[in-house]
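Q: Sharing a structure below in structure tokens format, with a few things to ask.
Taken together, the values in this text are just the output of simple stated rules run on the coordinates, not laboratory data. Remember, predicted model here, so these are calculated numbers, not experimental data. Cβ sites come from the backbone with ideal geometry, for glycine too, and all protein chains shown count toward neighbours.
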Amino acid sequence: MSTLAIGAHPDDIEIGCGGTLGKLISQGEKVTVLIITDGRAGSLEQDSLELVKLRQNEGKKSAKVLGVHNLISFDLADGLVSFSRDEKLKMIELIRTIRPDTIFIHANDDKFNDHQIVRSLVLDSIQVAAGPWYSEVGGSAHLVRKVYGYEVWNPINRFQLAVDVSDFMKLKLEALKKHKSQITDINYLDGVKGLGMYRGAMSGVGKYAEVFEVMQHHEL
Ligand SMILES: [Zn+2]
């Protein structure tokens, strides 16, 4: 079984579903992480090109902590306003190549602009990757059975799935600490921990939880 986690920026995935990915990896799932932008707007002080290099490095270190099998970046400039046809073709091709059973993407309640654009790009591509369309893209049609939305800067209002990540909270925070450039401006680690604890208490699944919007859940 394989999972593809997609985020607009280098630290989004760890914030939204780092614990769940750690848990899946411990169960033998093959996990690929795809970062869409280079994160160049992610600092108030750093020069943007230096920041790109720094964030690529931080992303690599964090993926290593989580035990991610494959880390891919599309390297689009941060601050997206839309996505192009070429980017859509690239996404369809990636889905048809990796052929994941599960995709994690930004939840609908997360209204941060880049997150919404990346979400549309991915949801559009998931739909067409499953059909006969876009034959110019390599690979045969592939249906992604499970699509889950995760929360980053706006908590999900109504979630349909809660995952107990109590045993993986430490790993998630360790991975997030690798994004040093990001926790310098705002140290959000306590926020992430607090939200995880709140999700755990309210869902009742464990001390810490991550919650998801379920968009697609086809049984085998
Ligand atoms: Zn982001």
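Q: Kirkwood hydrodynamic radius (Cα pairs, Å) of the range 33-85?
A: By the Kirkwood definition, the hydrodynamic radius is 11.9 Å.
Q: Moving on to the next point. Mind listing which trypsin sites (Lys or Arg not before Pro) in the range 51-112 are in a DSSP loop and have 14 or fewer other Cβ atoms within 10 Å?
A: Answer by residue number: Lys111.
Q: Follow-up. Anything in the chain that counts as a DSSP H helix reaching 30 Å or more along its axis (C-alpha) with Kyte-Doolittle mean of at least -0.5? List them, would you?
A: Details: long enough: none.
Span-like helices, by this rule, are absent here.
Q: Mind checking the alpha-carbon convex hull of the range 109-220 and giving the volume per residue in Å³?
A: Details: hull volume 16.9 nm³, N = 112.
Per-residue hull volume (Cα only) is 151 Å³.
Q: How many angstrom lie between the Cα centre of the range 89-131 and the Cα centre of the range 157-187?
A: First find each Cα centre; the distance between them is then 22 Å.
Q: May I ask you to derive the relative contact order of the range 4-96, considering only C-alpha pairs under 8 Å and at least 6 residues apart, and to give it as an integer percent?
A: Relative CO of the range 4-96 lands at 33 percent.
Q: OK, next. For the chain, what proportion of DSSP beta bridges, expressed in % and rounded to the nearest 5, is antiparallel?
A: 30 percent
Q: Could you tell me the relative contact order of the range 84-191? Use alpha-carbon pairs under 8 Å, at least six residues apart, and round to a whole percent.
A: Reported relative contact order: 31 percent.
Q: Right, next: So for the pair Ser135, Glu174, with labels modelled 7 Å out along Cα→Cβ, what separation do we get in nm?
A: 5.0 nm
Q: Loop-only GluC sites (Glu not before Pro) in the range 129-178, please: DSSP not H, G, I, E or B, and at most 15 other Cβ atoms within 10 Å.
A: Glu136
Q: Still on this structure: By how many nm would the segment from Asn154 to Glu29 grow when fully extended, if each residue of separation counts as 0.36 nm and the alpha-carbon distance is taken off?
A: Extra length available between Asn154 and Glu29 comes to 42.2 nm.
Q: Let me ask something additional. Placing +1 at every Lys and Arg Cβ and -1 at every Asp and Glu Cβ, with all other atoms neutral, what dipole size does the range 2-217 have around its Cα centre, in debye to the nearest 20?
A: Working: 26 positive and 28 negative charges, 126 e Å.
I would put it at about 600 debye.
Q: Would you mind calculating the relative contact order of the chain from Cα pairs under 8 angstrom and at least 6 residues apart, reporting the percent as a whole number?
A: The value is 26 percent.
Q: Can you list the trypsin sites (Lys or Arg not before Pro) in the range 150-220 that are in a DSSP coil and have 11 or fewer other beta carbons within 10 angstrom?
A: Values: sites: Arg158, Lys170, Lys172, Lys177, Lys178, Lys180, Lys193, Arg199, Lys207; in loops: Arg158, Lys178, Lys207.
Taking the range 150-220 and a limit of 11 other Cβ atoms within 10 Å, the loop trypsin sites (Lys or Arg not before Pro) found are Arg158.
Q: Within the range 141-178, list the residues whose amide N lies under 18 Å from a label point set 7 Å along Cα→Cβ of Val214.
A: Within reach of a label on Val214, which here means backbone N under 18 Å from a point 7 Å along Cα→Cβ, the range 141-178 contributes 144-151, 156-165.
Q: Binning at 10 angstrom from zero up to the longest distance, how are the C-alpha pair distances of the range 2-217 distributed in percent?
A: Bins of 10 Å from zero give 9, 36, 39, 15, 2 percent of pairs.
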